[in-house]
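All remarks here apply to the structure that follows.
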Amino acid sequence: MKRFPDDGSQPIPVSSAGGKQPAWRRDGSELFYTGADGNMTAVSVKLVDAKPQFGSPQALFKAPPSGFPRRNYEVSPDGQRFLVARPTPGTATITVVTNWQSQITK
C-alpha cells in the first residue's frame with residue numbers, strides 16, 4: 001500500500017472521537033461518516049494553499065445500526081439526502097415473477 005500523496009505529510013484528523021463508513025460529497029466540499037456516537041456526521045472541507053482544512057463535525061441524524069460489512073448509505077450529489085439500507089430481522093422472502101408481461105391485458 002502506498003500513501004497518497006507520498007510527500008511525507010502526516011494524516012489530518014477529522015474526528016476526535018473516531019468514525020467509520022466515510023463518503024465524500026460529489027463536489028468534495030463535505031465528508032460524511034458514521035460517528036462513534038452512532039450519528040451520521042458531516043464535516044466541511046476547504047482547500048487552502050492546496051491543503052485540506054476541515055470544519056467542526058456536525059451531527060446530522062441518528063444512523064441506524066449497519067449490520068453490513070461495508071458502508072450502508074449513499075449520499076445525493078448535493079449532500080442533502082441520504083439513502084440508508086437497514087438490515088431486517090429474521091428471514092426475508094423474495095417473490096420473483098417471471099413472464100409477467102404476458103399477464104398484462106392490452
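The set of residues from the stretch 55-72 being under 14 Å from the mean Cα position of the chain (by Cα) and loosely packed, with under 12 Cβ neighbours inside 10 Å comprises 61, 62, 65, 69, 70. Counting the residues of the stretch 3-18 that are over 18 Å from residue 55 (Cβ atoms) and either of a type in the set (D, E, K, R) or surrounded by 13 or more Cβ atoms within 10 Å (Cβ to Cβ) (or both) gives 3.
Out of the residues in the stretch 62-100 meeting the condition of being of a type in the set (Gly, Ala, Ser) and on the phi > 0 side of the Ramachandran plot, tell me which one is modelled with the lowest pLDDT.
Among those residues, the one meeting the criterion is 67.
Here the stretch 24-49 is the region considered, the condition is being assigned to a strand (DSSP E or B) and charged (D, E, K, R), and the residue that is surrounded by the fewest Cβ atoms within 10 Å (Cβ to Cβ) is 46.
I'm trying to understand the selection: among the residues of the stretch 35-93, which are among the polar types (S, T, N, Q) and under 27 Å from residue 10 (Cβ atoms)? Answer for the stretch 35-93, where residues must be among the polar types (S, T, N, Q) and under 27 Å from residue 10 (Cβ atoms): 39, 41, 44, 53, 56, 58. Screening residue 21 against (1) part of a loop (DSSP other than H, G, I, E, B); (2) surrounded by fewer than 17 Cβ atoms within 10 Å (Cβ to Cβ); (3) not hydroxyl-bearing (Ser, Thr, Tyr) leaves a single unmet condition, (1).
For the stretch 39-54, the tally of residues that are within 19 Å of residue 21 (Cβ to Cβ) and either modelled with pLDDT under 85 or over 14 Å from the mean Cα position of the chain (by Cα) (or both) stands at 3.
The values are calculated or read from the model by the stated rules, or taken from the named source; none is laboratory data. Remember, predicted model here, so these are calculated numbers, not experimental data. Every residue, glycine among them, receives a Cβ derived from its backbone with ideal geometry; neighbour counts consider all protein chains shown.
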